[in-house]
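The structure under discussion appears below in the form of structure tokens.
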Amino acid sequence: METVMQEGTAVKKFRVGQVLKVKAGLLAASGAGVVADHVPSPLHVRDLLPSEEATVVIQHVSRHRGPAHAVVQRRYSCAAERVVPSCTSFGPCGGCAVLHLTYSAQLAWKGRTVCDELSPLSLDVKPCVAAPSQVDYRSRVKLVATAHPLRKVLLGAFAPRSHTVLDMAGCQTNRRTLMAVAKTVAEQAALLGIPSYDEATAEGALRYVLLREVDSGAVQVSLVLAERPPQLSALVDAVVRHHDCVKSVVLHKNASRGNALLPLPGGASSQATPVSHLDDDQVMGEAEADEVLLGEAFLWEDLTVRLRVSARSFLQVNREVARLIYREVAQALRPVEFDTVLDLYCGVSGLGRSVLADHPAARLIGIEVGATAIADARASAQSAGLPPERAGFHIGTVEEVLTELTSERPALGRVVALLNPPRRGCSEEALAALVAMAPSHIIYMSCSPHSLGRDLKWLHEHGYATKQVTPYDMHPGTPHIECVAELVRQ
């Protein structure tokens, strides 16, 4: 280890390939073990639990002030909470970073993580609610296509901080039905001679495969192609012949360079989010250029209400936990008297529709930047017999649309609001526009305890108090935490 002097203080600096004997003191938010005695340059070690000692090898050193990263070379002790991971891809995959923890320890750690993030606010944080199932729960899967020396086509996922594609055939979190369909897509693409896309040469056709299963068992297959191969119809026929659960197949065209998953409207693919960094809550462009190859461009999902969901629309990937959250949010607002519910960042409006079901005289206003999700929300409301004056949906940012609705505020009567923003949380402009609408109650559903804490602090400074925060384990085995905060106006 190198040591450099900085403002009179010795700062330890790691080197890639360096071997150290260390002991973990706690778990980072990423699920890695933290070696605290190497501050001010902390070291994060994958697959090392608190109290465990090991010899580790430095793999990555941050150029900024971030932690260095290492892997275990030899472990000398095991924590009582350690279990054998149920997945053979644990470690290299990086997705289920805490699969080596007992489930009770996972829940306790996630609860502590939320408490630590929100500690400056001194809030009532409930214990983390367990998922009904820790495996076979992910109903939406995004897979990367790459060439394979034996199988010709492999569908997998990028390894952390790399463009290496790992085989996900043994993944325990994805719905088994979806992985079976993915296997057939790869096999048939190889048999038909449909080449996978090569980022370096920009040659090949098959780039990504997106799969979604709904409660009825129906499956949608979305094929992201750089070019339309002549064997495409044969591929669709073969997949449907092997899996009668496939009811929808959609073609997304993406000829952009790089590893963007789907291009944004108007060809602005350079701004699209790379698939290696895509969160489940991010909008994936619009569907103007998509082509339906089988069935419709959407499926119908049954949570607490019936929802239409298209390939590009966001919906929580764990149906059972989403259903639980929708029900408990609706129950929390059941005794509240209101005339209008604002469903902000509404997606296909599953949360808003669930709340509206208990208030037959109330009005729902949904706001979402994605036109595809709004089309789904409108179709779902129409299917439920809700006219536009009872369930109206607006395309645009929350701050823009709420500002436009300010003039209608007196006609809205008593207002409550639902917030379900992407991981980055809300902008101050969005929060200011919300406060101007003066909702009596706010339910904030968040997938980031960090951005939740920041936004709750802002709301506290502008007239609201948080009654409680409840963490939910939407993604067992992973570091991700879903939280629901209940706020009231003072």
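Each reported figure results from applying straightforward, stated rules to the coordinates on display, with no laboratory input. Computed from a prediction, not measured in an experiment: that's the story for all the values here. Positions of Cβ are backbone-derived with ideal geometry, glycine not excepted, and every protein chain shown enters the neighbour counts.
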Practice prompt. State the antiparallel share, in %, of DSSP beta bridges confined to the chain, rounding to the nearest 5.
Written response: 65
Fill in: Contour excess over end-to-end distance, with Cα ends at residue 255 and residue 237 and 0.36 nm allotted per residue
4.1 nm
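Give me 372, 55, 340, 397 sorted ascending by neighbouring Cβ count inside 10 Å, so fewest comes first. Display every interim value, and only then the final one.
Numbers: 372 25, 55 14, 340 21, 397 18.
Fewest to most other Cβ atoms nearby, the residues stand as 55, 397, 340, 372.
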Discussion item. Taking the Cα centroid of the range 107-129 and of the range 43-95, what is the distance between the two, rounded to the nearest whole Å?
Written reply: 24
Discussion item. What distance in nm lies between label points placed 7 Å from Cα along the C-beta direction at residue 151 and residue 73?
Written reply: 3.3
Discussion item. Please compute the contact order of the chain in relative form: average sequence separation of alpha-carbon pairs under 8 Å and at least six residues apart, divided by the residue count, as a percent.
Written reply: 11
Response to the item:
Given backbone amide H placed at 1.01 Å from N, residues whose amide H is under 5 Å from that of residue 369, ignoring those fewer than 5 places away on the same chain, are 396
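If we count other beta carbons within 10 Å of each Cβ, what is the order of 212, 151, fewest first? Present the calculation step by step, with values, prior to reporting the outcome.
Numbers: 212 25, 151 14.
With the fewest neighbours first, 212, 151 line up as 151, 212.
With a/c under 1.5 counting as rounded, go ahead and sort the chain into rounded, prolate or oblate using the C-alpha gyration tensor (a ≥ b ≥ c being the square roots of the eigenvalues; past the cut-off, prolate if a/b is larger than b/c, else oblate). The partial results should precede the final answer.
Numbers: a/c = 1.80, a/b = 1.10, b/c = 1.63.
Verdict is oblate for the chain.
For the range 122-168, what does the relative contact order come out to in percent, with C-alpha contacts under 8 Å and a separation of six or more? Display every interim value, and only then the final one.
Details: 38 pairs, mean separation 10.4, N = 47.
Value for the range 122-168: 22 percent.
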Practice prompt. Can you tell me how much longer the chain between residue 130 and residue 180 gets when fully stretched, taken as 0.36 nm per residue apart minus their C-alpha distance, in nm with one decimal?
Written response: 15.3 nm
Worksheet entry | At R0 = 56 Å, FRET efficiency that the Cβ-Cβ distance of residue 169 and residue 116 yields, to 0.05 | 0.95
Practice prompt. With label points built 7 Å along Cα→Cβ from the Cα atoms of residue 88 and residue 423, find their separation and express it in nm.
Written response: 2.9
Worksheet item: Which whole-angstrom value gives the distance between the alpha carbon centres of the range 440-455 and the range 380-406?
Response: 22
Worksheet item: Can you flag which of 142/247; 126/457; 142/457; 23/110; 110/457 are past 23 Å Cα-Cα?
Response: 142/457
Discussion item. Defining a contact as two alpha carbons under 8 Å apart and six or more residues distant in sequence, what relative contact order in percent does the range 298-382 show?
Written reply: 34
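At 0.36 nm per residue, and after removing the present C-alpha to C-alpha distance, how many nm does the segment from residue 334 to residue 65 gain when stretched out fully?
92.1 nm
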